[in-house]
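One structure below.
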Amino acid sequence: MAVRAPFTGDDVGSVPACQPADVAAAVDRARDAQAAWADRPVAERAETLRRVGDQFLSNRDELLDIVQLEGGKARLDALSEVLDVVMTADYYARRGPDHIAPASRASGIPLTRASEHRDPVGVVGLIEPWNYPLTLAISDMLPALLAGNGVVLKPAEATPFCALRARELLVEAGVPEGLVQVVTGDGATVGEALVSNVDYVTFTGSTATGRRVASLAGEHLVDASLELGGKNGAVVLPDADLAAAVRGLVHGSFANAGQLCIATERIYAHEAVYEEFRDRFVDATEALELGAAMDFGPDVGSLIGPDQLATVESHVADARERGATVETGGRHRPDIGPTFYEPTVLTDLPADATAACEETFGPVVSITPVGSAAEAVERINDTPYGLNGSVWTADIDRGESIARDLDVGTACVNDAYTAAWAATDAPMGGVGDSGIGRRHGAEGIQKYTESQTVATAGGGPLAPVPRLPNRLTAAGMTLYTRAARRLRRLSPFSRR
Ligand code: NAD
């Protein structure tokens with residue numbers, strides 16, 4: 001399969017189009033290496049993760065080149081990917097062992113005790129999109145490795161070289177040779193074979209494909225986490241620092257040319273500041289430099305390819321037809337590269353326009369006036385998606401309270417998305433059509449484990465005593481349950 005450079009449209013190389021038998025063989029190789037890896041002390045696996053962080057930092061420039069070459073993004077966007085892998089490796093090296101350590105659990109019966117243990121699931125399959133080929137694919141793999149699993153990664157068709165180079169760096173950092181496998185190829189052919197062969201599926205991609213993956217995972221009775229699309233909204237309140245809101249939301253809307261699941265696609269500005277916010281936002285958008293350079297010059301890069309360009313163009317065309325105003329942008333820029341598109345700001349966008357309802361996944365954002373915070377919350381929540389949102393206000397407590405009213409997995413106050421993403425200790429994911437499950441934090445590693453409870457009865461088996469009439473056993477059990485409840489209520493330490 002040919003891989004194309006979005007900046008030029010030229011071929012940059014080719015990779016094998018793997019078939020289902022190749023996927024099964026890759027899973028077997030990962031499985032063969034997994035048992036010995038799981039037997040290593042967790043501290044040793046954590047040390048390996050720290051060295052992964054070292055490898056990514058010392059190979060930073062080469063990784064930035066590869067991310068830009070096949071992903072077509074601005075170099076600063078590529079840098080956030082490399083640094084995210086380093087941060088995530090360090091986080092799970094530091095906190096991961098605690099998240100999966102054995103823990104003692106309360107028992108409801110005297111003279112018994114229970115403990116919870118976490119074992120690796122075996123081989124984790126990762127199916128990943130092209131928009132963040134390191135942040136998503138590699139950062140999501142690290143907790144699976146720390147938990148003692150093998151992994152098989154299916155990168156997106158557009159971005160296989162990031163995965164292949166990252167795998168080499170993992171091996172150089174001390175990850176056993178067979179433990180991490182990469183299978184390149186067509187999404188349905190390789191992806192569906194992967195779901196059929198692994199013990200857990202991590203999927204990041206579109207909601208449509210996520211539904212297919214979920215149903216296949218159901219057939220094979222394997223657990224899955226699904227990180228899907230979004231239609232993320234922001235509310236700008238009258239007391240917001242407008243300069244900060246403009247800076248944050250321009251970044252939140254156009255980072256990675258808007259091809260970011262948690263990017264802001266809808267902004268609701270209170271009517272008291274709407275006009276000023278809109279004008280300043282448009283000025284700041286026009287100051288962004290669009291470019292195809294392999295250096296830190298341009299702010300915004302290319303779309304990934306012709307399909308994404310077609311989606312963006314159709315959303316803007318539909319908006320125009322329905323009477324929206326294109327305040328700035330709205331143009332394909334083949335003079336820069338085949339699939340460059342200008343950062344675009346829409347106003348007067350009807351609520352039923354495609355760009356108001358469906359994920360654009362491109363550099364297009366709408367600004368709409370609202371009469372109150374409550375109206376903004378209602379409009380932000382009026383979507384089947386529920387990934388990310390943001391609130392902009394000088395009143396932090398009120399901002400956090402409004403954030404709690406948003407039906408989303410992550411909500412930021414006075415930041416568009418980075419604050420939530422960088423809180424690696426906190427779970428991150430979506431509700432509704434935006435997904436199932438979480439990455440980051442304890443949930444981001446515990447999902448890669450099977451729990452086992454070991455319970456020991458210290459006072460003999462919890463079974464009826466022979467020759468004692470069942471009537472007396474029943475009375476004793478009921479008496480015990482009543483007494484235990486009363487004692488728990490009376491206890492000053494009781495949490496009920
Ligand atoms: P996609 O669903 O087309 O592809 C994602 C991956 O699934 C690719 O590797 C693809 O090859 C594979 N695939 C395709 N068909 C498959 C099948 N039948 N079975 C198994 N795998 C299959 O998504 P995309 O276009 O690559 O990525 C863009 C989408 O991803 C957007 O909707 C975006 O919002 C979403 N996304 C979500 C998050 C998140 O964390 N929530 C992050 C990034 C991107």
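List of remarks:
- Wholly enclosed strands (runs of 3 or more DSSP E) of the range 82-145 bearing at least 1 residues more than 24 Å from Asp32 (Cα to Cα): 103-105, 112-120
- The single condition from (1) open to solvent by 20 Å² or more (accessible area, probe 1.4 Å); (2) within 28 Å of the chain's Cα centre (by Cα) that Arg322 fails is (2).
- Criterion (modelled with pLDDT of 95 or more and part of a loop (DSSP other than H, G, I, E, B)) met by exactly one of Gly460, Gly441: Gly441
- Qualifying residues in the range 403-434 (those that are touching a strand residue (DSSP E or B) at 6+ places or on another chain (Cβ under 6 Å), among the small types (Gly, Ala, Ser) and open to solvent by 10 Å² or more (accessible area, probe 1.4 Å)) - the one farthest from the ligand (Cβ to nearest atom): Ala403
- Residue selected from the range 167-214 under the condition part of a helix (DSSP H, G or I) and away from the ligand (no atom under 15 Å from the Cβ), by the criterion farthest from the chain's Cα centre (by Cα): Glu172
- Residues within the range 360-417 that are of a type in the set (A, V, I, L, M), under 18 Å from Val431 (Cβ atoms) and touching a Gly at 6+ places or on another chain (Cβ under 6 Å), tallied: 6
- Search result, residues across the range 223-241 that are hydrophobic (A, V, I, L, M, F, W, C) and within 13 Å of the ligand (Cβ to nearest atom): Ala224, Leu226, Leu228
- All positions within the range 373-405 that are outside any loop (DSSP other than H, G, I, E, B) and hydrophobic (A, V, I, L, M, F, W, C): Ala373, Ala374, Ala376, Val377, Ile380, Val391, Trp392, Ile396, Ile402, Ala403
- The one condition in (1) surrounded by fewer than 18 Cβ atoms within 10 Å (Cβ to Cβ); (2) aliphatic (A, V, I, L, M); (3) more than 16 Å from the ligand (Cβ to nearest atom) that Leu346 fails to fulfil: (1)
- The one condition in (1) within 30 Å of Ala43 (Cα to Cα); (2) surrounded by 20 or more Cβ atoms within 10 Å (Cβ to Cβ); (3) under 21 Å from the mean Cα position of the chain (by Cα); (4) hydrophobic (A, V, I, L, M, F, W, C) that Val222 fails to fulfil: (2)
- Tally of residues being under 30 Å from Gly409 (Cβ atoms) and touching a helix residue (DSSP H, G or I) at 6+ places or on another chain (Cβ under 7 Å) across the range 444-495: 4
For every residue, the table says whether it meets (1) hydroxyl-bearing (Ser, Thr, Tyr); (2) within 15 Å of the ligand (Cβ to nearest atom).
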position: Gly437; (1), (2): no, yes
position: Pro466; (1), (2): no, no
position: Asn470; (1), (2): no, no
position: Thr473; (1), (2): yes, no
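- The set of residues in the range 347-359 that are outside any helix (DSSP H, G or I) and out of contact with any Gly (no Cβ under 8 Å at 6 or more places or on another chain) comprises Thr347, Leu349, Ala351, Asp352, Ala353, Glu358.
- Residue in the range 90-109 that is under 24 Å from Gly53 (Cα atoms) and within 16 Å of the ligand (Cβ to nearest atom) present: no
- Within the range 82-106, considering residues that are of a type in the set (D, E, K, R) and either open to solvent by 30 Å² or more (accessible area, probe 1.4 Å) or without any contact (Cβ under 8 Å) to a residue 60 or more places away in the chain (or both), the one nearest to Pro160 (Cα to Cα): Asp90
- Of the candidates Thr360, Thr354, the single residue that is open to solvent by 20 Å² or more (accessible area, probe 1.4 Å) and of a type outside the set (A, V, I, L, M) is Thr354.
- Looking only at residues in the range 20-38 that are free of Cβ contacts under 8 Å to residues at least 24 places away in the same chain and within 30 Å of His117 (Cβ to Cβ), the one that is surrounded by the most Cβ atoms within 10 Å (Cβ to Cβ) is Asp28.
- Of the residues making up the range 210-227, those that are touching a residue at least 40 places away in the same chain (Cβ under 8 Å) and closer than 22 Å to Thr159 by Cβ are Gly210, Val213, Ala224, Ser225, Leu226, Glu227.
- One residue alone among Ala17, Ala43 is farther than 19 Å from Gly122 by Cβ, open to solvent by 20 Å² or more (accessible area, probe 1.4 Å) and either modelled with pLDDT under 95 or not in a helix (DSSP H, G or I) (or both), and that residue is Ala17.
- Which numbered condition Thr285 fails, given (1) part of a helix (DSSP H, G or I); (2) within 23 Å of the chain's Cα centre (by Cα): (2)
- For the range 439-492, residues that are free of Cβ contacts under 8 Å to residues at least 60 places away in the same chain and among the acidic types (Asp, Glu) total 1.
The values are calculated or read from the model by the stated rules, or taken from the named source; none is laboratory data. If you're wondering where the values come from, they're calculated on a predicted model, not measured in any experiment. No Cβ is skipped: glycine too gets one built from the backbone with ideal geometry, and neighbour counts run over all protein chains shown. Ligands, DNA and RNA are stripped out before the accessible areas are found, and what is left, the full protein with its side chains, is counted by its heavy atoms. Shrake-Rupley method; radii C 1.70, N 1.55, O 1.52, S 1.80 Å.
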